[in-house]
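K.L.:
Just dropping this structure here.
The values are calculated or read from the model by the stated rules, or taken from the named source; none is laboratory data. What you are looking at is a predicted structure, and each value in this text was computed from that prediction instead of being measured. Heads up, the Cβs are rebuilt from the backbone with ideal geometry, glycines too, and the neighbour counts pull from every protein chain shown.
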Amino acid sequence: MSAVLQSLVNQPYKHGFVTKIESDVAPKGLNEDIIRLISAKKNEPEWLLSFRLEAYQKWLTMKEPEWQNVHYPKIDFQAISYYSAPKPKKKLASMDEVDPELLRTFEKLGVPMHERAALAGVAVDVIFDSVSVATTYKQKLAEVGIIFCSISEAVHNHPELIQKYLGTVVPVGDNYFAALNSAVFTDGSFCFIPKGVKCPMDLSTYFRINTEGSGQFERTLIIAEEDAAVSYLEGCTAPRFDTNQLHAAVVELVALDNADIKYSTVQNWYAGDENGIGGIYNFVTKRGLAKGKNSRISWTQVETGSAITWKYPSCILRGDNSVGEFYSVAVTNNYQQADTGTKMIHLGKNTRSTIVSKGISAGHSNSSYRGLVRISPTAEGARNYSQCDSMLIGDQCGAHTFPYIQVHNNSAIVEHEASTSKIGEDQLFYFSQRGIDAEEAVSMIINGFCKDVFQQLPMEFAVEATKLLSFKLEGSVG
Amino acid sequence: MIVNNSKTLLLVQGLRASINGTEILKGIDLTVKSGEIHAIMGLNGSGKSTLAKVLAGHAAYEITAGTVRFEDKDLLELAPEDRARAGLFLAFQYPIEIPGVANTQFLRLAYNTIQAQRGKEELDPLEFDDFVREKMKLLDMNPDFLDRSVNEGFSGGEKKRNEILQMALLEPKLSILDEMDSGLDIDALKTVANGVNQIANKDNATILVTHYQRLLDYVVPDFVHIMQSGSIVLTGGKELALELETRGYDWVTANKRSIAGAIA
């Protein structure tokens, strides 16, 4: 596997893709001039530049967080280049030119045929008419008034919406990495579901035009107006590579009265090799505001990649009777580290939240669940149920749980359950005594363990996720 | 039943095994032919459960001497899953729980794995459902067993029934039942014993590992072996178990030479 990863990571150099790009890369380092440069390159309105500069000023006063249970060498933020023009990726002419190792990986993961081509960097129109698919998709959405485009496009075409909502859920100075993102974000997705519209299909980043080059500081904003509903899928199970080591994305969700936003992620960034060399640092701020009454925000994540994951998709339950959900599977292997969980902030009356977190650690990895449940004085009748289960494979890995529970209203009911289990010799012996080999046994145990979360994923995603987990843990036992 | 000219299924000779450097089995000799039911009795710590696990191939034990043949195969050369596929079955004293995995899913995977090995037809979920429900009647099991997670929240008796159900499904040549009677009330014991008796035939064999004679009232052995400190010190017919029941294990310790002489 590592050979495949290595070859993919090295691909741009191997094929000499770097031509001409150098000229359009900003000098390394971060200062106001760089931010002005980014804004100018993207031809942004003045208010967005101010937003960026304000974030930058906040960032300067902030310290990189150190409380998380992950360890990595200090990041030199002045050694990073914060702007490069979208890379003109060289397209391969046909599937025959794709590395056969990569194709085998897709095969194992069960990635659909037409997606394989796109992911492998084959010009998709060689295989099928992607433009027509994307166009049909867009037309269908436009008919019901849904806007789904890159955030840069939205800045120009729907500035009133961006101005109204950007930074309202994750303020520019929210945390160190969010401030950095707000100052330098290059692109991401924008999605707007107008009043009363139930989005007729799952929105997937895969179908968004211009997904390439959304880069290391991604920004996503999703708004569901009154009585609207949307299911949004981020990422895919196929491995994703990037030469940038640091990634700091921000995702903001806003749900008005009776609106429903379901956000599903499968994250499979490059995790480093089996010795812990390389891999992406993923520092993400994801937050949903259940602003209106009876609104619902649901996060489902399957985190399998990155060398370091630092991520707490959260819900602010402001509307009365609003609902927040967090379903998570985090898998770490080799030397991966994950510190992930959620925050459920109950403000409105009769707000409810559910947290189901499953951590799986193998190899020398470390996985931590960190979750906050806060019931504020105004949250009369609030309820929370949390379940945090950890599974260890082998005896070199670690699992940790850091639950924070703050209850300021006597009428609240808060439950927390936690368990730790281990796939050990005796479990595997039981399976092998029934003729079932170790790989199949682990796959069955893991899928049983994650069932509550996989059930929340859209059907095909769930099937892919199941395979992905088996694949990720291949060889970790026995 | 003892069958004339039946073939030898299991031949254990001079078997020694240790765990973490401590020797537990100190030279076991045992011959089991098809059609036979053997009981291995002994106190806690006598090594009888270790013998069961060693035969099934548990990785924690190191074999230091001896040979084990299973039909025409060198059993010790086979991985645990290959021993299972070759027809050796161990009913666990403490079956593991697998949360989130439906029992039917696990049973079908085990069944199809063994079927594939035997070159027989695998069953799809619907076919398997009919098949397993029929087998469950044998053990007086409630069909809701199939949808529950494997052994999770099962009572002691339910876990044991689930083990015997697997034995019924997999149709092994040699079944080793480790402390099948522990944790069972008398009704459950009768049900489980009845299942074992129905599965037993002239072509397969059963080894019952047990502390108490009680089980042997319902599954009557052809041979009884008494283990002490890692060796079989005494072998006899079913009456040996009754003798042991009235006189206790101390009697064996004190008189093993003379008893052995008397029985021989």
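K.L.:
Select from the range A:413-444 the residues that are in contact (Cβ under 8 Å) with a residue 24 or more places away in the chain, within 26 Å of the chain's Cα centre (by Cα) and under 23 Å from B:L169 (Cβ atoms) and list them in ascending order.
P.N.:
A:V442, A:S443
K.L.:
Using the structure shown, decide if A:E274 is in contact (Cβ under 8 Å) with a residue 40 or more places away in the chain and touching a strand residue (DSSP E or B) at 6+ places or on another chain (Cβ under 8 Å).
P.N.:
No, not satisfied.
K.L.:
Okay, next question. Take B:E97 and decide whether it is acidic (D, E), within 14 Å of another protein chain (Cβ to nearest Cβ) and under 20 Å from the mean Cα position of the chain (by Cα).
P.N.:
yes
K.L.:
Among the residues of the range B:38-74, what is the count of those that are among the hydroxyl-bearing types (S, T, Y), more than 14 Å from every other protein chain (Cβ to nearest Cβ) and buried (at least 19 other Cβ atoms within 10 Å of the Cβ)?
P.N.:
1
K.L.:
Does B:E77 satisfy the condition of being over 19 Å from B:R16 (Cα atoms) and either facing another protein chain (nearest Cβ under 8 Å) or not hydroxyl-bearing (S, T, Y) (or both)?
P.N.:
Against the criterion (over 19 Å from B:R16 (Cα atoms) and either facing another protein chain (nearest Cβ under 8 Å) or not hydroxyl-bearing (S, T, Y) (or both)), B:E77 does not qualify.
Results for (1) crowded, with 22+ Cβ neighbours inside 10 Å; (2) in a helix (DSSP H, G or I); (3) at positive phi, shown as yes or no for each residue.
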position: A:C149; (1), (2), (3): no, no, no
position: A:A154; (1), (2), (3): no, yes, no
position: A:P171; (1), (2), (3): no, no, no
position: A:D174; (1), (2), (3): no, no, no
position: A:A178; (1), (2), (3): yes, yes, no
position: A:N181; (1), (2), (3): yes, yes, no
position: A:C191; (1), (2), (3): yes, no, no
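K.L.:
Which of the residues spanning the range B:222-253 are of a type in the set (G, A, S) and within 20 Å of B:K26 (Cβ to Cβ)?
P.N.:
B:S229, B:G230, B:S231
K.L.:
Here is a check on your reading of the model: is A:S322 at pLDDT 95 or above and within 14 Å of the chain's Cα centre (by Cα)?
P.N.:
No; evaluated as a whole, the condition is false for this residue.
K.L.:
Tell me which of these A:K451 doesn't satisfy, since it passes every other one: (1) without any contact (Cβ under 8 Å) to a residue 60 or more places away in the chain; (2) more than 7 Å from chain B (Cβ to nearest Cβ); (3) crowded, with 17+ Cβ neighbours inside 10 Å; (4) within 21 Å of A:E303 (Cβ to Cβ).
P.N.:
(2)
K.L.:
Of all residues in the range B:19-35, which are more than 18 Å from B:V68 (Cα to Cα) and crowded, with 16+ Cβ neighbours inside 10 Å?
P.N.:
Within the range B:19-35, B:G35 is the sole residue that qualifies.
K.L.:
Another question about this same structure. Given the conditions (1) away from chain A (no Cβ under 11 Å); (2) over 17 Å from A:E425 (Cα atoms); (3) not hydroxyl-bearing (S, T, Y), and given that B:R85 satisfies all but one, which numbered condition is not satisfied?
P.N.:
In the conditions (1) away from chain A (no Cβ under 11 Å); (2) over 17 Å from A:E425 (Cα atoms); (3) not hydroxyl-bearing (S, T, Y), B:R85 misses (1) alone.
K.L.:
Shifting gears a bit: Which condition does A:K311 not pass, out of (1) over 20 Å from A:F402 (Cβ atoms); (2) in contact with a Ser or Thr (Cβ under 6 Å, 6 or more places away or on another chain), if it passes all the others?
P.N.:
So the condition that A:K311 fails would be (1).
K.L.:
Are there helices (runs of 4 or more DSSP H) fully within the range B:97-207 with at least 1 residues that are buried (at least 17 other Cβ atoms within 10 Å of the Cβ) and among the charged types (D, E, K, R)? List them.
P.N.:
Once the helices (runs of 4 or more DSSP H) in the range B:97-207 are filtered for at least 1 residues that are buried (at least 17 other Cβ atoms within 10 Å of the Cβ) and among the charged types (D, E, K, R), what remains is B:103-117, B:125-138, B:156-170.
K.L.:
When the range A:437-476 is examined, which residues are found to be more than 12 Å from A:I393 (Cβ to Cβ) and among the aliphatic types (A, V, I, L, M)?
P.N.:
A:M444, A:V453, A:L457, A:M459, A:A462, A:V463, A:A465, A:L468
K.L.:
Okay, moving on. Looking only at the range B:102-122, filter to residues that are out of contact with any Phe, Trp or Tyr (no Cβ under 9 Å at 6 or more places or on another chain) and farther than 17 Å from B:P172 by Cβ; which one of those is farthest from the other protein chains (Cβ to nearest Cβ)?
P.N.:
Among residues in the range B:102-122 that are out of contact with any Phe, Trp or Tyr (no Cβ under 9 Å at 6 or more places or on another chain) and farther than 17 Å from B:P172 by Cβ, the one farthest from the other protein chains (Cβ to nearest Cβ) is B:E121.
This table checks each residue for (1) of a type in the set (F, W, Y); (2) buried (at least 24 other Cβ atoms within 10 Å of the Cβ).
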position: A:N334; (1), (2): no, no
position: A:K349; (1), (2): no, no
position: A:R370; (1), (2): no, no
position: A:Y385; (1), (2): yes, no
position: A:S390; (1), (2): no, yes
position: A:H400; (1), (2): no, no
position: A:Y404; (1), (2): yes, no
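K.L.:
Within the range A:382-420, track down each residue that is assigned to a loop (DSSP other than H, G, I, E, B) and of a type in the set (F, W, Y).
P.N.:
Across the range A:382-420, there are no qualifying residues.
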